[in-house]
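Okay, so here's the structure we're looking at.
Bear in mind these aren't lab numbers, they're just calculated from the coordinates by the rules spelled out. Just so it is clear, the model here is predicted, and its values are computed rather than measured. Counting neighbours? That spans all protein chains shown, and the Cβs are built from the backbone with ideal geometry, glycine included.
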Amino acid sequence: MAAVQIIPIKVGVVLDMDGYGEMALTCISMALRDFYATHDHYKTRLVLTNRDSKGDVVGAAAAALDLLKNVEVQAIIGPMFSYQANFLIALGHKAQVPIITFSATTPLLTSLRSPYFIRTTLNDSSQVDAIVAIIQAFGWREVVQIYEDNEFGEGIIPYLTGALEKVNIRVPYRSAISPLATDDQIVAELNKLTSMQTRVFVVHMLSPLASRLFTKAKQLGMMSREYAWIITDGVTNELKSMDQFVKESMLGVIGVKPYVPKTKELDDFAIRYKEMVQKKSTPDFDIFGLWAYDSAIALAMAAEKAIVRNPTYRKTNISRNSTELEAIGVSETGPKLIQALSTTTFKGLAGEFKLVHGQLQGSSFQIINMVGPGDRGIGYWTKDNGIVRELNFTSANKKTYSTSKSNLGSIIWPGDVSSPPKGWEIPTNGKKLRVGVPVKDGFTEFMHVNWNSDNSTNVEGYCKDIFDAVMAALPYHVPYEYIPFATPDHKMAGDYNDLVYQVHLKNYDAVAGDITIIANRSQYIDFTLPYTDSGERVVSNLARFVLIIWFLVVFILTQSYTASLSSMLTVQKLQPKVTDVNELINNKDYVGYSKGSFVYGFLKKMKFDDSQLIAYESPEQLDELLSKGSGNGGIAAAFDGTPFIKLFFSKYCSKYTTAGQTYKADGFGFVCYPPSIK
């Protein structure tokens, strides 16, 4: 039986021949050895010729030019990095030689539209929907993008920004950091980020720059509970090569990485790889090593499928003055080889190998959480189902897309806490919300201000507790401070609520106290969306917060309980002599009201003469006035809000009762000023 005649197919390999490049070359060599051991009947054999790209664009271009012109290779595997790929793709297009990269991930390369460019790694844009789903899961509305300032880093930005905008997530700032930046420049950029409100960062860079970034972020206190960090697969794919100290500084970071199924073949490869490199300084393989392995397998299958018989170059007509580039011939095998490669599919070590328009397809990402010494899987993302706990998703609603955080496992967040950050903070140099507190002597159960010896104040009371509870329930943390102010004389300033609006409008962002909402209060303010003088929308987080509180006030105004104005009369065998307010007016009886309250203006509108009105400041003073009666320096009745009357009755329930008509106001609430009038 005649021996099979072997047809050698020359293949160039352009890699930076450092430790990482040696890892990739080892994986490629192992792939061909494994493949031909089980396919010895193949007539073709790939023969590798490697060249060192020397870590830059010129080195990669020179290596490819040598392989095409002098070796006449039928395909090139490489280069390693996105910034090295442009010129190689152009050379491959001119020579009709497939350029196969297993590690150049930037979407910018796709725009070159060369039929001879094959990407056997995932395009960076394939992960943006997974990242957006994570952001949606935790309700964050703003993110800052931090990326490497080169072709690799900037390529993902338009895709990520577009995906975020589709779900109404803003990107207030983009931070581009050069891979050549000094430590001081990185610190300066991080300090700039701390001066902003947003605390959710998406980091897209390679491991050397990412290591420096997270080390400095840790030193600056930016790996604390207020921050959320999300890393793309540009970092997660290289976690194995990162320093242990750096990984420990990344505690709480969330990331995505392409899902690699666990198989017996992968386990066997891992064992054999370690045996092969155990005496060398070659690093452990990562997913790029697996893609390099699968790329070599795909190319070997395509070479056989293309029925290559005489792999040669066709020389073009060139003059004596032609340049080196013009002297490159054209591969006669290239068109058949690229066609065969485009239709090659199989199950590789990294998963399903399938090309669409020259691009490797992938539909699943694993979501990981950095827990100090390494990463831990907390869930998955798929195109069809979104965030899922397990990939064997067999629910009846199989096509339901989820962004629910309940589908994720337990997460350790920065600061070693279990609760997710709210997403933004008032920056360290920002202003706190100024909450005015009226100083009153009476009814201190609602609000009371204690003055300390150092002139500082402590605010206590029911209204303060309610305001604190509302602030704690907000989806974002908003720092605020209580600032006491004296309540003026009603006869000088008019209605107390009007005074809050008119006098304190420029001094406070809100007023918390025993503030009562009445009908015409909703008419002291024209509610409009906030716009600046230039016509642009005001979209700061503080403005949004004030609007949220204002919507809450409007809701209370229209939906919540009503506060009642009731008259209190002295009990005389539980049968008050006066049961109608008009009798009080006609008899010119004296009536009381709480000092500083809107009730004064209310009684004036009811036609009480100013001489009939007596202010009181505390339950004790009210008891004294009612006990004396109208003809003895006291009052015949008092008008006040239902909460205050109930508080008064809790102390003097046996002496007084309510009588007559109850007059409705619109409830208690907090006074907050919309940005449109501030």
Taking alpha-carbon centroids only, the stretch 226-255 lies from the stretch 587-610 a number of Å equal to 67
Please provide three numbers in whole Å: the alpha-carbon extents of the stretch 180-336 along the principal axes, with the largest listed first.
-> 64, 50, 31
Amide H to amide H, which residues 5 or more places from Leu15 or on other chains are under 5 Å from it, using H placed in the peptide plane?
-> Arg51, Ser53
Along the stretch 630-636, what does the Karplus equation 6.51 cos²θ - 1.76 cosθ + 1.60 (θ = phi - 60°) give for ³J(HN,Hα), rounded to whole Hz, x for Gly and Pro?
-> 5, x, 10, x, x, 9, 8
Integer Hz, Karplus 6.51/-1.76/1.60 couplings in order for the stretch 240-247, x for Gly and Pro = 4, 8, 7, 4, 4, 4, 5, 4
Ascending count of other beta-carbon atoms within 10 Å, so fewest first, for Leu360, Leu290 | Leu290, Leu360
Listed highest first by mean packing, meaning other Cβ atoms within 10 Å per residue, what order do 291-298, 175-182 come in?
-> 291-298, 175-182
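Taking 20 Å as the cut-off for C-alpha to C-alpha distance, list the pairs among Lys10/Lys43; Lys257/Lys354; Lys10/Lys347; Lys10/Lys315; Lys305/Lys336; Lys54/Lys247 that go past it.
Numbers: Lys10/Lys43 14 Å; Lys257/Lys354 18 Å; Lys10/Lys347 25 Å; Lys10/Lys315 17 Å; Lys305/Lys336 9 Å; Lys54/Lys247 28 Å.
Pairs exceeding the cut-off: Lys10/Lys347; Lys54/Lys247.
Fewest to most neighbouring Cβ within 10 Å: what's the order for Thr105, Thr312, Thr161? Spell out each step's value before the answer.
Details: Thr105 28, Thr312 12, Thr161 17.
In increasing order of surrounding Cβ atoms, one gets Thr312, Thr161, Thr105.
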Extending each Cα 7 Å along its Cβ direction at His39 and Asn586, get the distance between those two points in nm, one decimal.
-> 11.0
Taking placed amide H atoms and a strict 5 Å upper bound, the residues 5 or more places from Glu352 or on another chain that come that close are none
Long-range amide H contacts for Phe485: which residues qualify at under 5 Å (H placed 1.01 Å from N, peptide plane, sequence gap of 5 or more or a different chain)?
-> Val437, Val439
If the chain between Arg434 and Lys405 were fully stretched, how many nm would it gain, using 0.36 nm times the residue separation less the Cα-Cα distance?
-> 7.0 nm
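Classify the stretch 26-133 from the C-alpha gyration tensor, please: rounded if a/c falls under 1.5, else prolate or oblate depending on whether a/b exceeds b/c. Can you show the working numbers first?
Details: a/c = 1.93, a/b = 1.25, b/c = 1.55.
Oblate shape, in that a/c is at least 1.5 and b/c is the bigger or equal ratio.
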Out of Ile271, Val256, Ile287 - ranked by how far each Cα lies towards the positive end of the dipole of the stretch 226-287, with unit charges on the beta-carbon of charged residues - the top one is Ile271
For the stretch 159-176, 3J(HN,Hα) per residue [Karplus equation, 6.51 cos²θ - 1.76 cosθ + 1.60, θ = phi - 60°, Hz, x = Gly/Pro] | 5, 5, 4, x, 5, 5, 5, 4, 10, 6, 10, 7, 10, x, 7, 10, 10, 9
Where labels lie 7 Å past Cα in the beta-carbon direction, separation of Val470 and Phe245 in nm | 5.0
How many angstrom separate the Cα center of the stretch 94-162 from the Cα center of the stretch 172-206?
-> 20
Just rank Leu46, Leu25, fewest to most, by other beta-carbon atoms within 10 angstrom.
-> Leu25, Leu46
